[in-house]
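The values are calculated or read from the model by the stated rules, or taken from the named source; none is laboratory data. Keep in mind that what you see is a predicted model, and the values were worked out from it rather than measured. Every residue, glycine among them, receives a Cβ derived from its backbone with ideal geometry; neighbour counts consider all protein chains shown. The protein model used for the area step is the full one, side chains on, heavy atoms only, and it has no ligands, DNA or RNA in it. Shrake-Rupley method; radii C 1.70, N 1.55, O 1.52, S 1.80 Å.
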Amino acid sequence: MTSPAIMNTYGERKLTLVKGDGIYLWDDNGRRYLDALSGIAVSGLGHNHPKLVAAIKQQAETLIHVSNLYNIQPQEELAELLCAQSGMEKVFFSNSGAEANEAAIKIARKYGHEIGIDEPVIITMNGSFHGRTMATLSATGNPKVKAGFSPLVSGFTHVDYNDVEAIEQLNDPNIVAILVEPVQGEGGVHVPAGDYLNQLRTLCDKNGWLLMLDEIQTGNGRTGKYFAYQHNDILPDVVTTAKGLGNGLPVGACLAQGKAGSILQPGNHGSTYGGNPLVCKGATTVIKTLLNEKLIENCDVMGRYLIDQFKQRLEGLNKVVDVRGKGLMIGIELDTECPELVAKASEKGLLINVAAGNTIRLLPPLIINKEQADQIIDIVTQLVNEL
């Protein structure tokens, strides 16, 4: 049971997880669970990866924190590694995805002022999720999570996801940027048309807008490329990431290139903890491990396998609306609300999540093998059949 000393922001929590190893977690009663959630797309390396544990231990014994008033060697190494993987030029480090998106929003607004727009507007999408701070909540296209928090921050216009024509029809001279997820995660694992991001890139180039991609969930190998936009062979002006970057360490990053890379100057932005030596050493180890152990390639292979198998096993079931995904970011949409499946799955030794009320969301670690994938397929198929 949850301690009464903790604010009730997560509701009743029946499981107490106390240990992890690889793709498995154990509760305080010693029961093992196959983790198909990864802390919501965080633990791409699984739990207690020996290389990450060793790196954290070594750094903790050397230097945990120092102010950003000084050069931080692990921060510089991580920045250079991220730029090399992304094609971007500059990085600002934060503690979370929401903070990374806050930095992106500030870049867009300052860019607007620099080109003579006093009240800059950012286009975001219905069904999107960008965070729970006031600005990122305002950018989010989900009225349910906004309820009770008005007045919201102005300067955002929402259009339907995967609808380029809706953007083209906007007639607002104050627009300065588009902020979009390459795959909507919290919204129900929605994958847009294959050329959607390419069309957005063209539209931004035509209008002088910034293309800003929220890769908090899709980044760090989750979709089978290091960043999801790399499936489209484009470069955004700004990309944000977090979650899988630290494998559980609190780190986020806002990356920029071209005109967006020089927007923020001394005094415009900052963070006390962002980019400290401990989290940067850990994140650098995460990236190197993803690359050296070819886990991104494994993600692509296992993601295709899971999606193909679910389509075959669930074919013909009226209650299944769609099976979709990219890499190890998989959604099974049902024709009814199904929050009870989270508890039913845990009873069978599987940890899953339900997004948008009716979509089983699977985000297993990138280290998953075929045997473990088959276990997920069997249990989830059984759950759907039992509905």
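Just one residue in the set Glu119, Glu99 is under 30 Å from Leu278 (Cβ atoms) and open to solvent by 50 Å² or more (accessible area, probe 1.4 Å); that residue is Glu99. When Ala193 is tested against the conditions (1) in a helix (DSSP H, G or I); (2) open to solvent by 10 Å² or more (accessible area, probe 1.4 Å); (3) under 23 Å from Val301 (Cα atoms), the lone failure is (1).
Conditions tested, residue by residue: (1) free of Cβ contacts under 8 Å to residues at least 12 places away in the same chain; (2) of a type in the set (A, V, I, L, M, F, W, C).
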| position | (1), (2) |
| --- | --- |
| Leu245 | no, yes |
| Leu249 | no, yes |
| Cys254 | no, yes |
| Ala260 | no, yes |
| Gly267 | yes, no |
| Thr272 | no, no |
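Comparison of Lys19, Lys14 shows that the only residue that is in contact with a Leu (Cβ under 8 Å, 6 or more places away or on another chain), open to solvent by 50 Å² or more (accessible area, probe 1.4 Å) and not in a helix (DSSP H, G or I) is Lys19.
When the criteria are applied in full, Leu63 fails the requirement of being under 19 Å from Ile352 (Cα atoms), in contact with a helix residue (DSSP H, G or I) (Cβ under 7 Å, 6 or more places away or on another chain) and either touching a residue at least 60 places away in the same chain (Cβ under 8 Å) or assigned to a loop (DSSP other than H, G, I, E, B) (or both). I'd like to know if the range 25-38 contains one or more residues that are out of contact with any Pro (no Cβ under 8 Å at 6 or more places or on another chain), exposed (fewer than 11 other Cβ atoms within 10 Å of the Cβ) and polar (S, T, N, Q). So far as the range 25-38 goes, yes, one or more of its residues are out of contact with any Pro (no Cβ under 8 Å at 6 or more places or on another chain), exposed (fewer than 11 other Cβ atoms within 10 Å of the Cβ) and polar (S, T, N, Q). Total residues in the range 325-366 satisfying the condition of being among the β-branched types (Val, Ile, Thr), within 14 Å of Val380 (Cα to Cα) and open to solvent by 50 Å² or more (accessible area, probe 1.4 Å): the figure is 1.
Kindly indicate the residue of the range 152-166 that is assigned to a strand (DSSP E or B) and among the hydrophobic types (A, V, I, L, M, F, W, C) and also surrounded by the most Cβ atoms within 10 Å (Cβ to Cβ) among those meeting that condition. In this case the residue turns out to be Val159.
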